[in-house]
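**Student:** What follows is a structure written as structure tokens; I'll ask about it next.
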Amino acid sequence: MSRLEQARSSRRQFLVPAHAGSETVGFDGAEPTVDEVEIPSAGDTLRIQTQAMACQFAVFLEAERRELLEAASSVLESVHDLEALMTVYDSNSPMARANRDAIEREVVLEETLFEVVSLACRMAVETDGAFDPTIGPLVELWRAARESGRIPDDVDVQRVRQSGGLGDVVIDIAARSMRLNRDGVELNLGGIGKGFALDRIAGELLAAGVDSYLLHGGHSSLLARGPHAGHRGWPVGVRNPLFPTRRLATLLLCDRAMSTSGSGIESYRIGGRRFSDILDPRTGWPAEGMLSVTVLAETAAEADALSTAFFAGGVEFATACCDNRPEIGALLIPAPCQGQTLRPIVCGIPDEVLFQEDQAAMP
């Protein structure tokens, strides 16, 4: 075994079998709520996992499909190559080099990298900038504010916001190239990279003959194919954003992807004020008004980008998008007024796949 193979093998873990009573198939990590009449619950599964992109990637298989473990394991390892391609935190990665070189000249990108770069830019245009892969300088500004405990002046926020952005990125589809028209602008694929990786892994699993599975990219990005435990899909949980140990709803996910943005634990305080971890690129300030957004889409990359965009854009923006695109569904949880319970808003998700559990949070 080569040193590279040894390193990758040490990152991979097998947990077989996993029992429904102790191993939840879902993204919230909570014990499944048992309601044999209405709410579907997970059956026994096999799980393969590896650490990448600062989170845990995992493949869940039906418990009786042990013969698929090796194929699924080999496919899952491709996430490390994708991470090495897309990361900006390694100065020698293809994405980091492209960011540097594209300021001086047009840079031809490797085919897979160009696919995710062009997709990120397209999603930014389609969401009117509510999702923005050039938001890195603003992220750094607010990270510094969090570490220092000082809220930045709006003058500083606007200075950073106006120092460059998506309008300075030139994509040439025919040449498969990119160019950056202003120094300091860079593309960061963190908001779409996990979903893109899940889509790639899903395609490879299907090619390897694995046709029923649940994929995790962390606890926020999921993709499912086929039935599970007698259900038409895989039961996955949606946390109550105010009480993260409680499950708000269960979604039956089949041949679709799902992404959740925001929760009560993804926030911080500066000077007595609470701020969301998710920035609104259009203002430069942390997004307000939403507690949680869960998006269903045909691809995980699209679900990732839209959950961020809907969180920043708010209820009206998200509902308009879902009305115009019937293939997109969303579970929106706005921040309640004082003294009120949560009032989830369902857009384009059929009743037969959505099971609301936490009745105390319902209107």
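The values are calculated or read from the model by the stated rules, or taken from the named source; none is laboratory data. Just so it is clear, the structure is predicted and the values come from calculations on it, not from any experiment. Quick reminder, even Gly has a Cβ in these numbers, built from the backbone with ideal geometry, and neighbours come from all protein chains shown. Remember, those area values only see protein heavy atoms, side chains included, never the ligands or the DNA or RNA. Shrake-Rupley method; radii C 1.70, N 1.55, O 1.52, S 1.80 Å.
**Student:** Restricting to strands (runs of 3 or more DSSP E) lying wholly in region 168-234: which have 2 or more residues that are open to solvent by 40 Å² or more (accessible area, probe 1.4 Å) and out of contact with any helix residue (DSSP H, G or I) (no Cβ under 8 Å at 6 or more places or on another chain)?
**Tutor:** Those strands (runs of 3 or more DSSP E) span 169-172.
**Student:** Answer yes if at least one residue in region 334-343 is within 28 Å of S118 (Cα to Cα) and touching a residue at least 60 places away in the same chain (Cβ under 8 Å), and no otherwise.
**Tutor:** Within region 334-343 (the criterion being within 28 Å of S118 (Cα to Cα) and touching a residue at least 60 places away in the same chain (Cβ under 8 Å)), the answer is no, since none of the residues qualifies.
**Student:** Is there any pair linking a residue in region 299-324 that is of a type in the set (D, E) to one that is buried (at least 24 other Cβ atoms within 10 Å of the Cβ) and assigned to a helix (DSSP H, G or I), with Cβ under 6 Å and at least six apart or on different chains, and which?
**Tutor:** D304/G195
Matching residues to (1) out of contact with any strand residue (DSSP E or B) (no Cβ under 8 Å at 6 or more places or on another chain); (2) free of Cβ contacts under 8 Å to residues at least 60 places away in the same chain:
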position: A145; (1), (2): no, no
position: G149; (1), (2): no, no
position: D156; (1), (2): yes, yes
position: V160; (1), (2): yes, no
position: I173; (1), (2): yes, yes
position: M178; (1), (2): no, no
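**Student:** Within region 325-340, track down each residue that is outside any strand (DSSP E or B) and either surrounded by 13 or more Cβ atoms within 10 Å (Cβ to Cβ) or at pLDDT 95 or above (or both).
**Tutor:** Scanning region 325-340 gives R325, E327, I328, A335, P336.
**Student:** Collect the residues in region 35-47 that are touching a Phe, Trp or Tyr at 6+ places or on another chain (Cβ under 6 Å) and at pLDDT 95 or above, keeping them in residue-number order.
**Tutor:** Of everything in region 35-47, those that are touching a Phe, Trp or Tyr at 6+ places or on another chain (Cβ under 6 Å) and at pLDDT 95 or above turn out to be T45, R47.
**Student:** Spot the failing condition for G271; the list is (1) open to solvent by 50 Å² or more (accessible area, probe 1.4 Å); (2) free of Cβ contacts under 8 Å to residues at least 60 places away in the same chain, and only one is missed.
**Tutor:** Among (1) open to solvent by 50 Å² or more (accessible area, probe 1.4 Å); (2) free of Cβ contacts under 8 Å to residues at least 60 places away in the same chain, the lone unmet condition for G271 is (2).
**Student:** Answer with yes or no whether R256 is touching a Phe, Trp or Tyr at 6+ places or on another chain (Cβ under 9 Å) and farther than 19 Å from S73 by Cβ.
**Tutor:** no
**Student:** Let me ask something else. Return only the number of the condition from (1) within 25 Å of E352 (Cα to Cα); (2) touching a residue at least 60 places away in the same chain (Cβ under 8 Å) that L291 does not satisfy.
**Tutor:** (2)
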